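*Asks:* My structure is below; once you've seen it, I'll send some questions.
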Amino acid sequence: MPQSRKAARAYRFAAKKPTIDEILATDADLKRASAEFLKVDVETALTFADIALKSHDNQVRKVRNRMNARRGYDMISRFVQKIPLTEADAFFLASALERLKSQLEILGEDL
């Protein structure tokens with residue numbers, strides 16, 4: 001059943017434009033979410049490194065988890081410079097990255 005002309009015209013109006021406050025709030029939310037993502041990612045990479053360090057009897061598991069931890073380290077190292085962080089987040093990520101780097105070196109990675 002075809003729509004009436006009046007109903008079809010209702011969809012032609014432009015969406016309400018966001019205000020400056022809404023844009024700034026969205027930007028702040030994006031920065032906060034990006035920092036949280038990096039923090040979760042560094043914790044995940046540390047978990048992979050811990051598992052690799054404890055996998056003495058299973059070489060396949062050790063290599064797989066070492067590679068996952070290294071992938072996380074590389075990604076975090078690349079993005080941490082691009083995301084504005086609070087002082088607390090920057091301190092947390094720097095110390096966690098240093099710990100991850102140390103664990104990866106123990107596992108035989110060249111960093």
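The values are calculated or read from the model by the stated rules, or taken from the named source; none is laboratory data. None of these values were measured; they are calculated from a predicted model. Methodologically, a virtual Cβ is constructed for each residue, glycine included, from the backbone with ideal geometry; neighbour enumeration extends over all protein chains shown.
*Asks:* When only residues in region 65-95 that are among the small types (G, A, S) and over 11 Å from A49 (Cβ atoms) count, which is surrounded by the fewest Cβ atoms within 10 Å (Cβ to Cβ)? Before you say what the answer is, go through the steps one by one.
*Replies:* If we filter region 65-95 for residues that are among the small types (G, A, S), which is where we start, we get 69, 72, 77, 88, 90, 94-95.
With the extra rule that they be over 11 Å from A49 (Cβ atoms), the set shrinks to 77, 88, 90, 94-95.
Values: S77: 14, A88: 9, A90: 14, A94: 13, S95: 11.
Per the criteria, the residue is A88.
*Asks:* May I pose another question? In region 75-111, which residue that is charged (D, E, K, R) and free of Cβ contacts under 8 Å to residues at least 24 places away in the same chain is farthest from V63 (Cα to Cα)?
*Replies:* Of region 75-111, the ones charged (D, E, K, R) are 78, 82, 87, 89, 98-99, 101, 105, 109-110.
Next cut, free of Cβ contacts under 8 Å to residues at least 24 places away in the same chain only: 78, 82, 87, 98, 105, 110.
On the way: R78: 23, K82: 30, E87: 34, E98: 21, E105: 13, D110: 14 Å.
This residue is E87.
*Asks:* Restricting the search to region 58-111, which residues are acidic (D, E) and either touching a strand residue (DSSP E or B) at 6+ places or on another chain (Cβ under 9 Å) or part of a helix (DSSP H, G or I) (or both)? It would help to see each step written out before you state the result.
*Replies:* Our first condition is that a residue be acidic (D, E); within region 58-111, this holds for 74, 87, 89, 98, 105, 109-110.
Once the filter is applied, which keeps residues that are acidic (D, E) and either touching a strand residue (DSSP E or B) at 6+ places or on another chain (Cβ under 9 Å) or part of a helix (DSSP H, G or I) (or both), region 58-111 yields D74, E87, D89, E98, E105.
*Asks:* Assess whether D41 counts as being of a type in the set (D, E, K, R), modelled with pLDDT of 95 or more, over 16 Å from the mean Cα position of the chain (by Cα) and surrounded by 13 or more Cβ atoms within 10 Å (Cβ to Cβ). Write out each step before concluding.
*Replies:* Numbers: of a type in the set (D, E, K, R): yes; modelled with pLDDT of 95 or more: yes; over 16 Å from the mean Cα position of the chain (by Cα): no; surrounded by 13 or more Cβ atoms within 10 Å (Cβ to Cβ): yes.
When the stated conditions are applied, D41 does not pass them.
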